[in-house]
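Before any comments, here is the structure.
Just so you know, all these numbers are worked out from the coordinates, no wet-lab data involved. Small disclaimer: the values here were computed from a predicted structure and weren't measured. Every residue, glycine as well, gets a Cβ built from its backbone with ideal geometry; the counts of neighbours run over all protein chains shown.
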Amino acid sequence: MKKLTRVATGAAAVALTSIVMVAPPASADIVQCPNSGQRACAWYNANYTGSFGAWSTSQTFLGGFNDAISSFGNRGTTQIGWFFDAGYGGERFLQNPPDYGHFSAFDYRNDKFSSLFIYSF
Ligand SMILES: [Ca+2]
């Protein structure tokens with residue numbers, strides 16, 4: 001379901017200013033990512049479903065989650081930067097704690113993250 005063709009740039013550019021953070025539905029698997037300790041969480045699919053990963057330290061490369069993340073959460077106390085490229089490169093999506101959210105299949109940021117940085121502030 002998530003590997004839909006991406007829409008072209010006009011709509012994506014507008015989407016830059018629309019934040020994706022939404023309240024999770026009651027049935028979401030967000031409970032997989034408890035708000036305790038420093039924790040970045042991600043799921044393959046929208047609505048916090050699919051393969052789940054959690055990291056308590058920065059990751060220069062997201063291994064099996066490379067270009068596959070559609071839902072993600074910051075359950076720590078400081079900002080997390082999600083990067084399009086490995087080694088904290090490319091476009092960055094900053095996520096404040098304790099936010100979580102997901103990209104639609106049509107969002108240009110869907111399935112793009114390759115590294116994450118957990119800031120100390
Ligand atoms: Ca990428």
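Stretch residue 61-residue 35 to full length: gain in nm at 0.36 nm per residue minus the Cα-Cα span? The partial results should precede the final answer.
Working: separation 26, 0.36 × 26 = 9.36 nm, distance 2.33 nm.
The residue 61-residue 35 span can extend by a further 7.0 nm.
Between residue 120 and residue 96, what length comes free when the chain is fully extended (0.36 nm per residue of separation minus the Cα-Cα distance, one decimal in nm)?
Full extension of this stretch gives 7.4 nm more.
Would you mind ranking 78, 57, 49 so that the residue whose beta carbon has the fewest other beta carbons within 10 Å leads the list?
57, 78, 49
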